[in-house]
1. Write out the chymotrypsin sites (Phe, Trp or Tyr not before Pro) in the stretch 134-210 meeting two conditions: DSSP loop, and at most 10 other Cβ atoms within 10 Å of their Cβ.
2. Quick one: net charge of Pro81's neighbours, Cβ under 12 Å, K/R +1, D/E -1?
3. Amide H of Phe115 versus every other amide H placed in the peptide plane: which residues, excluding those fewer than 5 positions away on the same chain, fall under 5 Å?
4. Pull out a ≥ b ≥ c, the square roots of the eigenvalues of the alpha-carbon gyration tensor of the stretch 61-183, then state rounded if a/c is under 1.5, prolate if not and a/b is larger than b/c, and oblate in the remaining case.
5. Local charge sum around Phe207 (other residues, Cβ-Cβ under 10 Å, Lys/Arg +1, Asp/Glu -1)?
6. Please say if the stretch 38-278 is rounded, prolate or oblate, where rounded means a/c under 1.5 for a ≥ b ≥ c the square roots of the C-alpha gyration tensor eigenvalues, and otherwise the choice is prolate for a/b larger than b/c and oblate otherwise?
Amino acid sequence: MTTHFPRFGLSLGIAMLAITTPLLAEGPGGFTDGMQASDGVLYSVNQITGELITIDPNSAAISVVGSTGFNLVEGLTYHTPTDSLLAVDNESDQLIAIDRQTGAGTAIGSIGRDFVFGLTYSEHNDTLYAYDNLANELLTLDPTSGTVEGGAPLFIDFVGGLTDQPETGVIFGVDFGNSQVFLIDLEGGLAGPIVDVGLTSLQSVAFDSTTGDLFAIDLQVGSDALLRIDPLSDTVNTVGFLESVSLASLEFVPTAVPEPSASILLFTAVAFLSTRLSRL
């Protein structure tokens, strides 16, 4: 489907705006009232051991699931139709599937790109998105083969990760170089940074559908840190330091289907973005 932005004269298979101006410098409040407990589990892959791990989103405690058989996993997403995790292995440049129960990884097929970070499956439009950091393109992939089906420019030098709001299809990402969280609304034609996290090195991000907050991994000397970010109030909290290093992927899977309140608030955020853009 072609999205058209007449204001910028841009019409592509996936249309995208250049990200230049902070759009939510002063948010109207957060998704949550205080630090609501998260009801789900975070997944990541240790790049040193190749092991799938789970992370408690409320304490940052880690448990090992099992070996994936791949060592350079730098994108991770939950694929609802198959109840499995999909990931990018940048050693073999392949899309892979990972069993959530055992950690075992299976190659799906070659992506044909060398430096793909960020992977997110959108339930909203049944589309798998990824980001090519060499070409600076947002890609769509065939989840059954790994083949690139489409792409469009997104002017960010180093996307550390992508994540999807499942009920609306809005995509959040982290900019590794500028330590910012950005938002992409393909249907509404909006894109821009929403949170400046400060002196961090953001590698991977995951949307928590039970609270509306984001989790991100901050690469540090020694143990990495798990951050919790409220994308509307700009609040950033450190959940804890992880008992592992070299984590370049993150995904949240809820325990149960979330209530729709988070999506309603997100629509409010998108409406606010529209207002801000109209003034530019």
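No lab work stands behind these numbers, since they all come straight from the coordinates. Source: prediction; values computed, not measured. Cβ: placed from backbone, ideal geometry, glycine included. Neighbour counts: every protein chain shown.
1. none
2. Cβ neighbours under 12 Å give a net charge of -3.
3. Under 5 Å from the amide H of Phe115: Asn133, Leu134.
4. Note, shape of the stretch 61-183 comes out rounded.
5. Taking every Cβ under 10 Å from that of Phe207, the sum is -4.
6. rounded
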